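Here the structure comes first, spelled out in C-alpha cells, and everything after it is commentary.
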Amino acid sequence: MIPNYHRIELAIIKKLFHYGCWGKGHLLIIRLKKGIPREDLQYVGKVLRELNKKEIVLVKKTKHGDAVFLNKMKRKDIYEIISKNVQYWSK
C-alpha cells in the first residue's frame with residue numbers, strides 16, 4: 001500500500017497536464033519529481049508504474065533519460081480524475 005497514492009497521482013497528472021505533455025510533448029521523470037513533497041518521492045516510481053499499467057501515463061526513452069506523457073486515448077479518464085479532484089487542483 002502506497003501512502004498518499006491519490007495525492008501523488010494527482011500531482012503527476014496535474015504537472016503533465018499543466019505542461020501540455022500529451023503524446024509528442026513529454027517531461028523527464030527527474031523534472032517531474034521536482035515539486036513533489038520529500039516524503040512522497042520514494043513512491044513516485046511506483047505510482048508512475050501503476051499509471052502506466054492503466055495506460056494513463058506512457059513512458060518514452062530519450063537520450064537524457066526516461067520521460068513520461070499523458071495518453072491521448074485516455075483523455076476521458078484523465079479528465080474524470082481531474083473533475084473528481086477539482087477542489088485540490090488549484091493547490
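Throughout, read-outs are computed from the coordinates displayed, never taken from laboratory work. What you see is a predicted model, and the numbers here were worked out from it, not measured in a lab. Backbone-built Cβ (ideal geometry, glycine too); neighbour counts: all protein chains shown.
Descriptive notes on the structure:
- With viscosity 1.567 mPa s and temperature 4 °C, the Kirkwood radius over alpha carbon pairs of the chain converts through Stokes-Einstein to a diffusion coefficient of 98 µm²/s.
- Computed about its Cα centre, the charge dipole of region 27-72 is approximately 200 debye, with only Lys, Arg, Asp and Glu carrying charge at their Cβ.
- Candidates His64, His26, His18, ranked by Gaussian network fluctuation over the chain, Cα under 10 Å, top entry: His64
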